[in-house]
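**Student:** I have a structure I would like to understand better, so I am pasting it below and will then ask my questions one at a time.
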Amino acid sequence: MININHILICLTLLIFTGNVIASTKDVFKDYKNSLVQVRIVDKTTDAKTTIGSGFFVNNKGLIATNYHVISLHVFEPEQYRIEYVLHDHNKTKKIYQAKLINFDVIHDLALLQSEQKNTLALKLHDKDLNKGEKIFSVGNPHDLGMAIVVGTYNGITDDSTNKRIHLSGAINPGMSGGPSITSSGKVIGVNVATAGNQIGFLVPVSYLSELINDKNKPVDFIKYINKQLLRNQNKYIKAILDKPFKTKKLGNYQVPDKIAEYLTCWGDSESKDLPYKTSENSCATKNDIYLSESFTTGDIHYSLYHINAENLSAFRFAYIQEEYFKTPGVHLTGTKKYFTNYECKTEFIKNKTITFKMSFCLRGYKHFKNIYDLMLSAISLDNKTTSLQTNLILAGISYDNAVLFSKKYIEAFSWAP
Amino acid sequence: MGPLIIEILDRFGKVRERHHVNNYPCLIGRGYDNDIIIDDPYISPDHLSVNITENKIEAQDTNSTNGLFSVQPFKKQNKITIENDSRIRIGHTDIRFRFADHPVKETIQDRDKPSQLTMLLTSGFILPIVWLIFTTALVINNYIEETDTVNIQSLLSDIYPLMIVLFLWALAWSIASKFVTHRFYFAFHAIWVCSLTFISIIVENLAQYFEFSFSLSGSATLISLTLSVLVTTALLYGHLHYSTTLAPAKAKRISLFTSLIIIGLVEIGALLNKPGFSNLPDYSGVIRPEAFRIAPAQSVTDFFENTKTLKVNIDKTVEEHNSEK
């Protein structure tokens with residue numbers, strides 16, 4: 001969807017190119033047998049379509065990996081099965097079947113039950129690390145055997161609706177689902193994404209502990225995702241709505257400022273070669289929730305354009321307003337397989353002080369109940385030479401939250417004192 | 001009664017030949033020794049003789065192979081008394097008899113005696129005035145709609161292509177009219193197409209103002225679609241009227257029918273090209289100056305009260321999708 005600068009490690013198999021340190025490898029030779037390569041296999045062709053990594057979390061054959069590694073199986077279990085590959089001491093590889101038993105789509109985690117018993121488990125770390133501590137990210141791309149990247153722990157990021165560990169180190173695609181281990185040999189997080197340039201992200205191990213202790217045994221995976229999405233959006237939308245929106249001045253208007261700490265905001269202005277001036281502000285989440293191939297959700301994005309055209313007639317100014325109102329700067333993407341078309345309602349509205357033309361548009365998720373994408377566009381009409389256009393995008397929220405959020409958002413606008 | 005005229009009709013009942021009867025008996029047949037020769041293989045060389053006896057005119061079968069028939073009632077006869085408008089059949093040919101005092105319809109006034117409007121529209125001097133008004137209107141319209149910086153050169157260069165198309169259009173109709181009616185009405189055709197293009201721009205604008213003012217989503221499309229049928233009909237009718245000899249009623253029917261077909265095809269094409277799925281919402285984005293707003297602005301609460309139908313519609317689509325699976 002929008003603003004994906006952290007592309008989830010995309011199920012693709014890339015050849016590992018990280019720094020394998022011989023001494024480190026020695027340190028971890030005991031853990032080699034805890035690591036597996038997770039594969040999604042197309043039942044028709046019997047060929048693998050996705051490769052990721054995983055590791056045993058208990059000695060009864062429970063494997064942790066990323067949800068995104070096995071998402072194809074979640075949406076089409078009759079088409080794709082899960083396998084994993086284990087390298088034994090003789091360096092020969094053995095393929096086993098695994099069954100999906102639980103997952104957490106919000107934090108991108110999944111638990112698989114293997115056929116094997118008496119597996120060698122990795123221990124989970126239960127304390128905080130200090131910034132700057134060394135972490136070893138492990139993965140098993142292709143059949144190269146265990147591969148290790150040395151990185152630095154950089155704390156928990158605050159740029160997402162959900163917490164992630166920021167790792168300075170080259171996590172490579174194919175290492176998705178593999179563990180990142182402290183120097184004491186315990187798992188601190190699960191490799192999940194990279195933003196390139198030595199910036200990696202891990203799912204904190206606390207979420208994995210929660211998932212292991214979760215007694216849910218989902219049968220209908222789609223309904224289970226539906227439930228998780230609804231619960232998650234309720235949590236973060238409520239957190240935003242519980243506080244008053246901070247506002248700031250944009251031209252002669254007072255507009256919503258950064259309404260949640262994890263949003264990233266930008267500003268820009270332009271007047272070159274145009275008969276009017278614009279000042280732009282926009283805020284957005286940095287990452288979204290991966291559901292399946294070209295199917296993500298969870299974005300929050302809003303943009304604000306202040307248009308100032310002092311030397312234009314009201315007629316020409318109206319056409320400029322129209323252009324901004326009709327063509328949103330950003331929009332959500334998706335395919336017919338997962339989304340309905342938008343349904344819109346467009347009217348003149350007046351909050352306490354400003355008259356807008358506003359269009360409130362929703363589209364549905366074909367697999368889920370009561371989950372929608374919101375796209376709101378509004379433009380102020382009161383002033384003859386200045387106007388404020390805004391777009392609000394909320395992906396994967398309930399109808400009630402779409403309405404509550406939109407109301408609060410549009411009511412946050414006023415004339416600047 | 002007056003002199004007799006014999007009309008040979010074709011199979012549609014239209015007159016093919018007319019003959020004045022100067023001497024009696026008047027002989028009719030396929031042979032070259034007749035007064036009236038009819039080239040119909042079912043007619044005998046000496047088929048019929050038209051005689052005058054005691055103030056009566058009679059058609060007499062002269063021993064033909066296939067005989068003489070009265071048309072109403074259709075009956076084989078040896079002799080038929082001829083009156084004004086009598087109709088007989090010999091072979092496969094109908095013959096009508098009329099006397100010189102038979103009344104005829106009123107004369108249709110030719111366009112050579114044109115109305116004042118026609119004189120105005122076809123005179124050359126009004127064309128530059130219309131052209132100037134039209135060009136100015138186009139330039140103003142483009143100027144208002146332009147959201148970028150504008151200058152007069154760019155505005156003029158924007159309208160050149162349209163001007164050339166309209167010129168060629170008017171020229172084509174003028175040439176057609178020269179062929180069919182032997183008159184070259186370029187001024188009329190040019191004025192006509194410019195005026196109607198001008199009207200359609202006005203109509204389009206009015207429809208959009210209407211949509212904005214009353215906050216009626218999609219009404220502009222509907223209004224301009226309806227009016228574009230009327231404008232196209234008027235355009236075609238004007239051209240047909242001045243470049244063909246079609247009767248006005250027929251020209252109107254043809255124009256309406258053609259414009260319905262053209263606009264219907266364009267709309268069907270647009271519908272077919274519309275993507276079934278889009279990541280962009282489709283909403284009425286028309287904005288005009290606030291002074292033209294007539295629909296009241298709703299309160300935020302009222303607005304969202306009425307958004308439930310969106311949810312209902314979407315849920316229905318989702319349900320339909322799931323039941324299809």
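The values are calculated or read from the model by the stated rules, or taken from the named source; none is laboratory data. These numbers were taken from a predicted model, which means no experiment stands behind them. Methodologically, a virtual Cβ is constructed for each residue, glycine included, from the backbone with ideal geometry; neighbour enumeration extends over all protein chains shown. For accessibility, only protein heavy atoms count, side chains too; no ligands or nucleic acids. Shrake-Rupley method; radii C 1.70, N 1.55, O 1.52, S 1.80 Å.
**Student:** What number goes with the only condition from (1) closer than 18 Å to A:H107 by Cβ; (2) open to solvent by 10 Å² or more (accessible area, probe 1.4 Å); (3) touching a Lys or Arg at 6+ places or on another chain (Cβ under 8 Å) that A:N234 does not pass?
**Tutor:** (3)
Listed here are the residues, each with its yes/no results for (1) closer than 30 Å to B:F186 by Cα; (2) in contact with an Asp or Glu (Cβ under 9 Å, 6 or more places away or on another chain); (3) in contact (Cβ under 8 Å) with a residue 12 or more places away in the chain.
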residue	(1), (2), (3)
B:I28	no, yes, yes
B:G31	no, yes, yes
B:I38	no, yes, yes
B:P41	no, no, yes
B:D46	no, yes, yes
B:F69	no, no, yes
B:I88	no, yes, yes
B:D101	no, no, yes
B:V130	yes, no, yes
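**Student:** Listed residues A:G298, A:G267, A:G251; which is at positive phi, in contact with a strand residue (DSSP E or B) (Cβ under 7 Å, 6 or more places away or on another chain) and open to solvent by 10 Å² or more (accessible area, probe 1.4 Å)?
**Tutor:** A:G251
**Student:** Let me ask something else. May I ask you to verify whether B:S278 is within 41 Å of the chain's Cα centre (by Cα), in contact (Cβ under 8 Å) with a residue 60 or more places away in the chain and under 19 Å from A:L376 (Cβ atoms)?
**Tutor:** no
**Student:** Does A:E261 fit the bill of being of a type outside the set (A, V, I, L, M), more than 14 Å from chain B (Cβ to nearest Cβ), part of a loop (DSSP other than H, G, I, E, B) and over 20 Å from A:L388 (Cβ atoms)?
**Tutor:** Numbers: of a type outside the set (A, V, I, L, M): yes; more than 14 Å from chain B (Cβ to nearest Cβ): yes; part of a loop (DSSP other than H, G, I, E, B): yes; over 20 Å from A:L388 (Cβ atoms): yes.
Yes.
**Student:** Only one residue in A:K408, A:K352 is more than 7 Å from chain B (Cβ to nearest Cβ) and either more than 30 Å from A:D288 (Cβ to Cβ) or of a type in the set (A, V, I, L, M) (or both). Which one?
**Tutor:** Only one candidate passes the filter, namely A:K352.
**Student:** When residues of the range A:362-394 are filtered for being at the interface with another protein chain (Cβ under 9 Å from one of its Cβ atoms) and closer than 16 Å to B:P281 by Cβ, how many remain?
**Tutor:** 8
**Student:** Let me ask something else. Return the total of residues in the range B:300-325 being at the interface with chain A (Cβ under 7 Å from one of its Cβ atoms) and polar (S, T, N, Q).
**Tutor:** Within the range B:300-325, residues that are at the interface with chain A (Cβ under 7 Å from one of its Cβ atoms) and polar (S, T, N, Q) number 4.
**Student:** Can you name the residue in the range A:286-295 that is at pLDDT 90 or above and surrounded by fewer than 23 Cβ atoms within 10 Å (Cβ to Cβ) and is also nearest to the other protein chains (Cβ to nearest Cβ) among such residues?
**Tutor:** A:F295
**Student:** Looking at the range B:38-76, which of its residues are open to solvent by 80 Å² or more (accessible area, probe 1.4 Å) and more than 18 Å from B:V21 (Cα to Cα)?
**Tutor:** Answer for the range B:38-76, where residues must be open to solvent by 80 Å² or more (accessible area, probe 1.4 Å) and more than 18 Å from B:V21 (Cα to Cα): B:D39, B:P41, B:Y42, B:N63, B:T65, B:Q72, B:P73, B:F74, B:K75, B:K76.
**Student:** Here's something else I'd like to know. Hey, could you check the range A:298-320 for residues that are assigned to a helix (DSSP H, G or I) and hydrophobic (A, V, I, L, M, F, W, C) and say which is farthest from the other protein chains (Cβ to nearest Cβ)?
**Tutor:** A:F317
**Student:** Further question: Do any residues in the range A:195-215 that are under 18 Å from A:G178 (Cα atoms) have Cβ atoms under 6 Å from those of residues that are open to solvent by less than 40 Å² (accessible area, probe 1.4 Å) and among the basic types (K, R), where the two are at least six apart or on different chains, and which pairs are they?
**Tutor:** Cβ pairs passing all conditions: A:F201/A:R164.
**Student:** Do we have B:G269 as more than 14 Å from chain A (Cβ to nearest Cβ) and crowded, with 19+ Cβ neighbours inside 10 Å here?
**Tutor:** Judged against the criteria, B:G269 is not a match.
**Student:** In addition: Is it true that some residue in the range B:283-293 is within 14 Å of chain A (Cβ to nearest Cβ) and closer than 30 Å to A:K223 by Cβ?
**Tutor:** Narrowing the range B:283-293 to residues within 14 Å of chain A (Cβ to nearest Cβ): B:283-293.
Those left that are additionally closer than 30 Å to A:K223 by Cβ: none.
No.
**Student:** Same structure, new question: Just give me the residues in the range B:1-37 being acidic (D, E) and open to solvent by 90 Å² or more (accessible area, probe 1.4 Å), in sequence order.
**Tutor:** Result: B:D33, B:D35.
**Student:** Enumerate the strands (runs of 3 or more DSSP E) found wholly within the range A:82-140, keeping only those where 3 or more residues are in contact (Cβ under 8 Å) with a residue 12 or more places away in the chain and under 19 Å from A:T50 (Cβ atoms).
**Tutor:** On the way: elements: A:93-104, A:109-114, A:134-139.
The qualifying strands (runs of 3 or more DSSP E) are A:93-104, A:109-114.
**Student:** Something else: Tell me, which residue of the range A:321-349 that is touching a Lys or Arg at 6+ places or on another chain (Cβ under 8 Å) and more than 8 Å from chain B (Cβ to nearest Cβ) is surrounded by the fewest Cβ atoms within 10 Å (Cβ to Cβ)?
**Tutor:** A:K337
**Student:** A:I397 is checked against (1) more than 7 Å from chain B (Cβ to nearest Cβ); (2) open to solvent by 10 Å² or more (accessible area, probe 1.4 Å); (3) more than 23 Å from A:Y305 (Cα to Cα) and fails just one. What number does that condition carry?
**Tutor:** In the conditions (1) more than 7 Å from chain B (Cβ to nearest Cβ); (2) open to solvent by 10 Å² or more (accessible area, probe 1.4 Å); (3) more than 23 Å from A:Y305 (Cα to Cα), A:I397 misses (2) alone.
**Student:** Return the residue satisfying two criteria in turn: it lies in the range A:144-162 and is of a type in the set (G, A, S) and modelled with pLDDT under 75, and of such residues it is farthest from A:Q198 (Cα to Cα).
**Tutor:** Across the range A:144-162, the extreme among qualifying residues is A:G145.
**Student:** Evaluate the range A:363-375: report whether one residue or more is buried (at least 18 other Cβ atoms within 10 Å of the Cβ), at pLDDT below 90, among the charged types (D, E, K, R) and under 23 Å from the mean Cα position of the chain (by Cα).
**Tutor:** No: zero hits.
**Student:** When residues of the range A:184-196 are filtered for being farther than 11 Å from A:N172 by Cα, surrounded by fewer than 19 Cβ atoms within 10 Å (Cβ to Cβ) and of a type outside the set (K, R), how many remain?
**Tutor:** Adding up the residues that qualify gives 2.
**Student:** Just checking, how many residues over the range B:295-310 are open to solvent by less than 50 Å² (accessible area, probe 1.4 Å) and part of a helix (DSSP H, G or I)?
**Tutor:** The qualifying residues number 4.
**Student:** Restricting the search to the range A:105-122, which residues are surrounded by 19 or more Cβ atoms within 10 Å (Cβ to Cβ) and at pLDDT 90 or above?
**Tutor:** Result: A:V105, A:I106, A:H107, A:D108, A:L109, A:A110, A:L111, A:L112, A:S114.
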